[in-house]
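This report concerns only the one structure given below.
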Amino acid sequence: MSAPSGQETLPTNKAPKINVAAARRRQRAGEVWREFCSNRSGLIGLVVLAIVIGLALLAPILAPAETLDVTRITAGQNEPPSWANPLGTDPSGRSVLAMLIWGARVSLLVGFSATAVSMVIGTVVGMAAGHFTGWTQAALMRLIDFFLVVPGLVLAIVLSSIIGPGVTTIIVAIGITSWAGTARIVRSQTLTVESRAYIERSWALGASNAHIIRKHVLPAVMPLVLANTTLTVGSAVIAESTLSFLGLGDPSSISWGSMLKMALDTGAATGGFWWYVLSPGLAIVGVVLCFTLVGRALESVINPTLRGR
Amino acid sequence: MSASQLVGAETAKDLDEPGRGTSWLRYVAMKAGGSLFSLVMVVLLGFFAFRILPGDPVRSLADGRQVTAEQMDILRKQYGLDQPVIAQFWRYLTDLFRGNLGDSYTYNRPVMELILDRLGPTLLLTGTAAALSVVLGLWLGQRTAWRRGSMFDKAHTGIALTLWSVPTFWLGLLMLLIFGGTLHWFPTGGMVTAGSTATGLAYVWDVARHLTLPMLTMVAVVYAQYLMVMRASLLEEMSADYLVTARAKGLREDQVRRKHAVPNALLPTVTLIFLTLGGLIGGAVTVETVFSWPGLGYLTFQALSAPDFPLLQGTFVVFSSIVIIMNFFADILYRVLDPRLRTA
């Protein structure tokens, strides 16, 4: 835990100034990484995710955009899997595999961005609700409760139908409807941290609200937020596919959810075109499962009391 | 300033979770106050969200067709859109208290009437699905916890975790694909066979056949979390001393579980179940859409695809109110069930 003592006694003019706190955090990050690596299922999840992200980034090389141009397609409609099209073709003759790779881009992009929106709102509101007292706190708590209790999907539908369909819309809608859980966790952690003696010492030394929140509360809640983030990305990917499935996505771009919408609209499920129904769904389940595995592994590293659950 | 903040940190916990000492009246009043605030938020959001729409609602109503200026004026008057926002808001509020949610653009019928028509099917679907998943989840949950680490445990928690990662609507599509499209065991949509005039038992049978697939879809997604919660809360009880006592007096393992451990583990589980019931109704949106089940969720989807803003506003207000009120009852039930919280 303690930083190597040599670093503190070496403020010579030549050696670069070493930040003790940063060094300690680096060391702790190394410990977390080693502990994480000892969790096999978490590691598998991480590796699979890395592969999926790699495929999504390489989409223009693996499946050039022309192959998805409906006007230049040679394959027939709704063809079952073959050597030319390993996952068959969709109702307009496009390769399902190519669509899947392109769809990963939108699904992951929305998953990560919506999570970022949700985490920022959740952390800020949660810290404020834990730090401030009186009316501010009461108002924030009511706000958190409202967003916890109101059915998220219905609110997201209302929001996106107002803003109009598109990728940004979906990101905003998911972000706004999913932050309350994080705020709850962050708030209780804030309360725990702020009851400790070093915060009292900080108050006594004349620290401001901003100083206490930035320097003491934020570093203490960050590990929890990070573990929560990986779990949230998974549910954001599901939320994205659900909203796209309901027709709120960008009609011109392909995502896993919009592929499934087309599957329902063109009767692929009742017509028995299993390759078009199975592939996008399995992709969603696989990615979400990986995020869950990584999130649970991170959680057990950060919060040792959860181990063995 | 700083001193009050410090005191605040200690008393802060009382604000959101009334402690053990609070009286019944105070507890109910606090929970009711919170729910009331949420209801007011829903009502406000229901109005103002749909008023900040870019563009003229009458134009979207006309839907690209050629309309004269007079026709637009008539439409505006008909929906009260020619009045200032404050007057519109007052009309919305007074109408709401009379149970009037305005008229749907697409159906030309009062929104309230449409919603009441669709409420029954939604309650039927979510009710049966909830009952089945509670039974299944609790039963499997205690089994897995009791045989922790066994193959049985690993298999069931694995299945539960996987089902957790499955989007509800995709599971519905799979059901359609397997049981509807390929095996032709069950009908693929609606609540009754089109054109059927069956009554009595034949009608019940027809509805039951249509209900099976959407209900199973909901159960598969929902039971997993009940299983996980039941398992976790039973695991917490398993190291308790009173179980050692129970075994010491010679009870069989089965009796120890059923008579001593499970009743205690049930408490947190039951409250959680009631808290998730509200969310279950929200989950009906996708399932009903996949199976075109004529409930509130499908109505929301239809309102969204039109788009029919009065209808969407109505379903949002009604959906959210139902969920908020159910959560309020869950909070009250929590207090009734847990004797430790009752007196102090």
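The values are calculated or read from the model by the stated rules, or taken from the named source; none is laboratory data. Because the structure is a prediction, the values reported are computed rather than measured. Because the Cβ atoms are built from the backbone with ideal geometry, glycine has one as well, and the counts that use them run over all protein chains shown. What goes into the accessible areas is simple: the full protein's heavy atoms, side chains included, and nothing from ligands, DNA or RNA. Shrake-Rupley method; radii C 1.70, N 1.55, O 1.52, S 1.80 Å.
Summary of values
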| read-out | value |
| --- | --- |
| Of the criteria (1) of a type in the set (Val, Ile, Thr); (2) open to solvent by less than 30 Å² (accessible area, probe 1.4 Å); (3) under 20 Å from B:GLY127 (Cα atoms); (4) away from every other protein chain (no Cβ under 11 Å), which one B:VAL270 fails | (2) |
| Unmet requirement for A:ALA239, which otherwise passes all of (1) at pLDDT below 85; (2) within 24 Å of A:ALA59 (Cα to Cα); (3) open to solvent by 10 Å² or more (accessible area, probe 1.4 Å); (4) assigned to a helix (DSSP H, G or I) | (1) |
| Total residues in the stretch B:96-141, condition polar (S, T, N, Q) and open to solvent by less than 40 Å² (accessible area, probe 1.4 Å) | 4 |
| Residues that are buried (at least 16 other Cβ atoms within 10 Å of the Cβ), more than 21 Å from B:PHE319 (Cα to Cα) and at pLDDT 80 or above, drawn from the stretch B:29-57 | B:MET30 |
| Options B:THR162, B:THR157, B:THR144; residue that is open to solvent by 40 Å² or more (accessible area, probe 1.4 Å) and within 14 Å of chain A (Cβ to nearest Cβ) | B:THR162 |
| Breaking point among (1) within 30 Å of B:LYS154 (Cβ to Cβ); (2) more than 12 Å from chain B (Cβ to nearest Cβ); (3) modelled with pLDDT under 85, for A:THR232 | (3) |
| Restricting the stretch B:165-191 to residues that are among the aromatic types (Phe, Trp, Tyr) and part of a helix (DSSP H, G or I), the residue that is farthest from the other protein chains (Cβ to nearest Cβ) | B:PHE179 |
| Failed condition for B:ARG209, given (1) more than 14 Å from chain A (Cβ to nearest Cβ); (2) closer than 20 Å to B:GLY283 by Cβ; (3) more than 19 Å from the chain's Cα centre (by Cα); (4) open to solvent by 20 Å² or more (accessible area, probe 1.4 Å) | (2) |
| The stretch A:247-273 - residue that is hydrophobic (A, V, I, L, M, F, W, C) and in contact with a helix residue (DSSP H, G or I) (Cβ under 6 Å, 6 or more places away or on another chain) and, of those, farthest from the other protein chains (Cβ to nearest Cβ) | A:ILE254 |
| Residues of the stretch B:304-321 satisfying the condition of being without any contact (Cβ under 8 Å) to a residue 60 or more places away in the chain and touching a helix residue (DSSP H, G or I) at 6+ places or on another chain (Cβ under 6 Å) | B:LEU304, B:PHE319 |
| 2 or more residues open to solvent by less than 40 Å² (accessible area, probe 1.4 Å) and at pLDDT 80 or above: qualifying helices (runs of 4 or more DSSP H) within the stretch A:10-93 | A:20-37, A:40-57 |
| Residues located in the stretch B:296-308, provided they are at the interface with another protein chain (Cβ under 8 Å from one of its Cβ atoms), of a type outside the set (Gly, Ala, Ser), open to solvent by 10 Å² or more (accessible area, probe 1.4 Å) and within 22 Å of the chain's Cα centre (by Cα) | B:PHE301, B:LEU304 |
| Failed criterion for B:LEU216 (all others in (1) outside any helix (DSSP H, G or I); (2) touching a helix residue (DSSP H, G or I) at 6+ places or on another chain (Cβ under 8 Å); (3) away from chain A (no Cβ under 12 Å); (4) open to solvent by 50 Å² or more (accessible area, probe 1.4 Å) hold) | (1) |
| Test: residue in the stretch A:283-303 that is surrounded by 24 or more Cβ atoms within 10 Å (Cβ to Cβ), in contact with a Leu (Cβ under 6 Å, 6 or more places away or on another chain), modelled with pLDDT of 85 or more and aromatic (Phe, Trp, Tyr) | no |
| So B:ASP331, is it within 11 Å of another protein chain (Cβ to nearest Cβ), open to solvent by 10 Å² or more (accessible area, probe 1.4 Å), farther than 28 Å from B:PRO167 by Cα and of a type outside the set (Gly, Ala, Ser) | yes |
| Filtered residue count, the stretch B:239-256, keeping only those that are surrounded by 15 or more Cβ atoms within 10 Å (Cβ to Cβ) and in a loop (DSSP other than H, G, I, E, B) | 1 |
| Single unsatisfied condition, A:ARG214 versus (1) over 29 Å from the mean Cα position of the chain (by Cα); (2) open to solvent by 10 Å² or more (accessible area, probe 1.4 Å) | (1) |
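So that you can scan it fast, the table gives a plain yes or no per residue for (1) open to solvent by less than 30 Å² (accessible area, probe 1.4 Å); (2) hydrophobic (A, V, I, L, M, F, W, C); (3) outside any helix (DSSP H, G or I); (4) within 14 Å of chain A (Cβ to nearest Cβ):
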| residue | (1), (2), (3), (4) |
| --- | --- |
| B:LEU227 | yes, yes, no, yes |
| B:LEU234 | yes, yes, no, yes |
| B:ARG258 | no, no, no, no |
| B:ASN264 | no, no, no, no |
| B:LEU277 | no, yes, no, yes |
| B:THR315 | yes, no, no, yes |
| B:SER320 | yes, no, no, yes |
